[in-house]
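What follows is a set of notes on a single structure, which appears directly below.
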Amino acid sequence: MQQTVLILGGSGKIGAHTAAAFWNAGWSVRHFDRKTDDMVTAAQGVDVIVNGLNPPNYHNWGTLIPQITDQVIAAAKASGATVIIPGNIYNFGDQPGVFDEHTPQTAITRKGQIRIAMEEAYRASGVQNIVLRAGNFIDPDQNGDILSMLMLKKALKGKITTLGDPEAMQAYAYVPDWARAALALAEIRDSLAPFEDVPFPGHAFTTAELARHIAFVTGREMHVATFPWWAMSLLSPFWELAREFKEMRYLFNIPHEISGTKFHRLLPDFTPTPLDRVMEAGLPADVDPNQVMRASRRAIAAE
């Protein structure tokens, strides 16, 4: 019997890639239109709800995230659906290390505290919920991800932007991989607990490692420039995004990655996209694909 998934936020990177993953696996995919649909009505008859809704540019999280959470819980209760949400690492504050489902949640930012409260609401709701927790998302479609928007925006001019310590290990998640993982967890949901915190290991690399790889791929030297946080400080009183983004500055100086222990126990056959392809996903669209292919072949031949 064909199963049905309701995608919330289908125009965003999480929603778009997750819809494709479920569709390719033979699921019936239903999209929620927040302008016209009632969520409880839209969820009738669905087996899984993927919550890809997120106020853009951190807009009014304190009000909108709880509202969205309440709506999703009501829809899941009415339909009996399992909810899958993309968790993040804001919950862990400024502690470095390898994060897993047992890492203390000691958020030091308002956004981190909002995310903790959101997850607690799901845990207490009685609906089955899977938090698939990931680091910074990398979208090959370059839909508002940090790699293409900031870090590699000027790579073809020989410049890579670091938002913090270029030697600090950082956790990343390739969105198509996250979507495939969400699908795989949905298909084994009957064996999972009512609330599952599943760390998604993805990939981890430093900005310095990224710069070396992009230099190899493009055949030119890369200068690592520091992101102008001073500009965010100047704009913060007038621009919500600058104010909210500045709050997360600490994260780019904290070396961290995400444990794969629980993830691989649940999904032992999952194979992630190769790291080089993930790193190259943020390159400007006019990069020569033949150049990338030639560089990749040289790397393989050198092994």
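The values are calculated or read from the model by the stated rules, or taken from the named source; none is laboratory data. The structure displayed is predicted, hence computed values, not measured ones. As a convention, Cβ positions derive from the backbone with ideal geometry for all residues, glycine included, and neighbour counts pool all protein chains shown. For accessibility, only protein heavy atoms count, side chains too; no ligands or nucleic acids. Shrake-Rupley method; radii C 1.70, N 1.55, O 1.52, S 1.80 Å.
In this structure Arg265 has an accessible area near 150 Å², from a 1.4 Å probe over the protein heavy atoms.
Each of (i) 30.7; (ii) 16.5; (iii) 22.6 is a candidate for mean projected area of the Cα convex hull in nm²; the one calculated from this structure is (ii). Near Ile258, the amide H atoms lying under 5 Å from its own belong to Phe99; only residues 5 or more places off or on other chains count, and H is placed 1.01 Å from N. With a Förster radius of 35 Å applied to the beta-carbon distance between His102 and Arg220, the computed FRET efficiency rounds to 0.20. For the chain, the longest principal axis of the Cα atoms and the long axis of helix 110-125 meet at an angle of about 30 degrees.
Shown in residue order for segment 260-266 are the 3J(HN,Hα) couplings computed by the Karplus curve 6.51 cos²θ - 1.76 cosθ + 1.60 at θ = phi - 60°: x, 4, 5, 4, 6, 5, 6 Hz (x for Gly and Pro).
For a protection proxy built on the mean count of beta-carbon atoms within 10 angstrom, sort 19-25, 223-229 highest first, please.
Highest to lowest by the protection proxy: 19-25, 223-229.
Between Asp190 and Asp269, what FRET efficiency comes out of the Förster formula 1/(1 + (r/R0)^6) with R0 = 22 Å and r the beta carbon distance, rounded to 0.05? It comes to 0.75. Using only side-chain charges placed at the Cβ, +1 for Lys and Arg and -1 for Asp and Glu, the dipole size of segment 18-99 relative to its Cα centre rounds to 80 debye.
Label positions at Leu234 and Asn60, each projected 7 Å from the Cα along the C-beta direction, are separated by 3.0 nm.
Below 15 Å, Cα to Cα, which aspartates and glutamates can Lys111 reach? Residues fewer than 8 away in the same chain don't count. Cα-Cα hits under 15 Å: Asp94, Glu119, Glu120, Glu240, Glu244, Glu247. With respect to the chain, whose longest principal axis is taken over its alpha-carbon atoms, helix 207-218 is tilted by about 70°. Taking every DSSP bridge with both residues inside the chain, close to 10 percent are antiparallel.
The residue list His17, Gln142, Leu156 was ranked by how far each Cα lies along the charge dipole of segment 1-156 toward its positive end, using unit charges on Cβ atoms, and Leu156 comes out on top. Compared with the dominant Cα axis of the chain, that is its longest principal axis, helix 61-79 is turned about 50°.
Each of Tyr58, Ala81, Gly45 was scored by the projection of its Cα onto the charge dipole of segment 1-83, and the greatest displacement toward the positive side belongs to Tyr58; charges sit on the C-beta of Lys, Arg, Asp and Glu.
The magnitude of the dipole of the chain, with charges of +1 and -1 set on the Cβ of Lys/Arg and Asp/Glu and taken from the Cα centre, is near 560 debye. Solvent-accessible surface (1.4 Å probe) assigned to Ser191 amounts to roughly 90 Å². Its Cα centre serving as origin, segment 1-48 has a Cβ charge dipole (Lys and Arg +1, Asp and Glu -1) of approximately 160 debye. Count Lys and Arg as plus one, Asp and Glu as minus one, and take only other residues whose Cβ is under 12 Å from that of Val5; the net charge is then 0. Taking amide H as placed 1.01 Å from N in the peptide plane, Ile84 has its amide H under 5 Å from the amide H of Ile49, Val50, Asn51, Ile130, each at least 5 places away in sequence or on another chain.
Once R0 is set to 22 Å, what does the formula 1/(1 + (r/R0)^6) return for the Cβ-Cβ distance between Met1 and Ala121, expressed as a FRET efficiency to the nearest 0.05? Efficiency at R0 = 22 Å is approximately 0.10.
Could you order Ile89, Ile108 by accessible surface area, starting with the largest, using a probe radius of 1.4 Å?
Final ranking, largest accessible area leading: Ile108, Ile89.
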